[in-house]
Structure formats: C-alpha cells, structure tokens
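Working notes, structure below.
Read-outs: derived from the displayed coordinates by stated rules, not from any lab. Only a predicted model underlies this, so the values are computations on that prediction, with no experimental measurement involved. Neighbour counts are summed over all protein chains in view; Cβ atoms, including those assigned to glycine, are modelled from backbone coordinates with ideal geometry.
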Amino acid sequence: MKRYFLILNLLILSLPLFSAVHHVPPELRAEQIELEKAFQADPYSATTRFELAMSYAYTGWIELGWQILKTIPQYDTNYADTVVPKYKALIKKEPENWKHHFKLAFGYYFKEDKDMALKSFEEVVRLNPNNAWGFGFMALLKGEQKKYDEAIKITKHAIKLEPHGAALHFLQAEAYRQKGDYFKVLRKSITILNLKAAEAKYRPTPFTNEIQE
C-alpha cells in the first residue's frame with residue numbers, strides 16, 4: 001500500500017496541472033446559448049431537451065448532456081422513435097450536415113441499434129474530421145462491443161484533436177481498465193482529475209435545478 005501511494009505521489013508531481021478547458025468553437029457556443037434560452041422558455045419539451053443535450057454532447061459537456069437526456073422519457077416515453085425518422089429525413093435534404101448524423105446516432109443508440117449508431121458517428125467524423133467528440137462516441141461504442149484496443153486507438157486520435165477533453169481521457173482510462181492495465185489507468189486518473197478541476201470553472205450551470213426535475 002505504501003508503494004502504491006509513493007507511485008501516486010510521484011505521478012502527481014511529474015504531471016503538469018491543467019488550467020485550460022476544452023475548446024468550444026464560437027459558432028457552436030452561440031448555438032448553445034440560443035438553445036439554453038429555448039430551454040428556459042420551454043423546459044417541458046422533449047425536443048428542446050434533446051437539442052440542448054446534443055449541443056452539450058458535441059461541445060464536450062458530456063456529463064451535462066447525459067444528465068438532460070435521462071430526463072427526456074419523463075416528457076416523451078417514445079422520443080427515440082421520433083428522432084430516427086426525423087433526422088433520416090433531414091439527412092436526405094442536407095446530407096453534408098454532420099449535426100444531423102450526430103443526432104441520428106443518438107436516436108439509434110437509444111433504440112439499442114449500436115451498429116447503426118456507430119455508422120452514423122463514422123459519418124460525423126467523415127464530414128467533420130476534427131470532431132473529437134464524434135470520435136469519442138465511436139470509442140464508447142467500441143468499448144461497449146469489448147473492442148478495447150480499437151477504443152484506445154480512437155481515443156488517442158480524439159485526444160490529439162482535443163487534449164483537454166476530460167471525457168475522452170476517461171473513455172481511454174476505462175478501456176485500459178478493462179484490459180487490466182492499471183498503471184495507465186492511474187496516470188489517466190490524475191489527468192482526468194486535473195481536467196475536471198479546470199472544467200468546473202467553465203461548466204454551464206444555469207439549468208441544474210430544472211434538468212433534475
């Protein structure tokens with residue numbers, strides 16, 4: 001046990017403290033602000049909640065996005081059945097719009113069609129190759145398929161695109177944990193703690209009470 005804490009302390013001392021938060025493109029933050037306003041105006045709409053959750057998901061606020069998504073069945077128990085045909089139709093009109101594919105992927109995910117969800121995320125990153133979060137969700141799906149080496153490879157690429165993405169480091173740590181590589185898990189855990197501390201300063205918080213209703 002003493003050896004474990006010695007290694008932990010050495011790792012903490014050897015790693016830099018991160019002060020930066022992941023990057024959110026200005027146009028996506030502007031979109032997010034408008035969706036936050038829509039949420040304030042109509043917090044009981046499943047569609048409003050889904051759109052805001054997606055905006056958080058593709059701007060790196062993964063936990064907040066999941067938190068909102070979990071509430072949607074309270075307002076529409078079959079909303080996943082709405083998402084898939086809606087975004088398939090929109091993709092026919094705007095096939096190059098990566099956001100449509102991103103949202104369709106979540107529709108498939110919640111309908112337990114993981115293969116189609118993965119294909120949709122692959123289309124997201126084809127259209128938007130710098131989208132670290134699209135790669136992140138691909139890694140999540142690979143992990144759920146127990147393809148941990150593939151998940152790690154994808155997260156490494158995603159982290160190159162967004163070094164300050166705490167959720168990306170978490171996904172990689174989980175894949176290492178599943179493979180039994182606990183030393184790498186330990187290193188990643190320290191990185192994640194530093195990044196989460198930085199995120200806490202910038203994380204959107206105005207809607208916590210409403211989201212948790």
Which lysines have a Cα less than 24 Å from the Cα of LYS147, not counting those fewer than 8 places away in the same chain? LYS103, LYS111, LYS114, LYS119, LYS156, LYS160, LYS179, LYS184, LYS188
Which angle from 0 to 90°, rounded to the nearest 10, does the C-alpha axis of helix 79-93 make with the longest principal axis of the chain? 80 degrees
With a ≥ b ≥ c taken as the square roots of the eigenvalues of the C-alpha gyration tensor of segment 25-75, please select rounded if a/c is under 1.5 and otherwise prolate if a/b is larger than b/c or oblate if it is not? oblate
Hey, got a sec? Which GluC sites (Glu not before Pro) in segment 46-100 land in a DSSP loop and have at most 12 other Cβ atoms within 10 Å? GLU96
Sort 187-198, 126-137 by the packing proxy (mean of other Cβ within 10 Å over each peptide's residues), most packed first. 126-137, 187-198
Taking 0.36 nm per residue of separation between HIS157 and ASP42 and subtracting their Cα-Cα distance, the length gained on full extension comes to 37.6 nm
Looking at (1) 56, 35, 30; (2) 50, 44, 28; (3) 60, 37, 29, which value of Cα extents along the principal axes in Å comes from a calculation on the structure shown? (1)
Cα-projected label distance for LYS201 with LYS147, points at 7 Å along beta-carbon direction, nm: 3.9 nm
If you put +1 on each Lys and Arg Cβ and -1 on each Asp and Glu Cβ, how big is the dipole of the chain around its Cα centre, in Debye rounded to 20? 980 debye
Quick one: length gained pulling PHE183 to LYS114 fully straight, 0.36 nm per residue minus the C-alpha distance? 21.8 nm
Go ahead and run the numbers for FRET between GLU96 and GLU27, Cβ-Cβ distance against an R0 of 22 Å, rounding to 0.05. 0.85
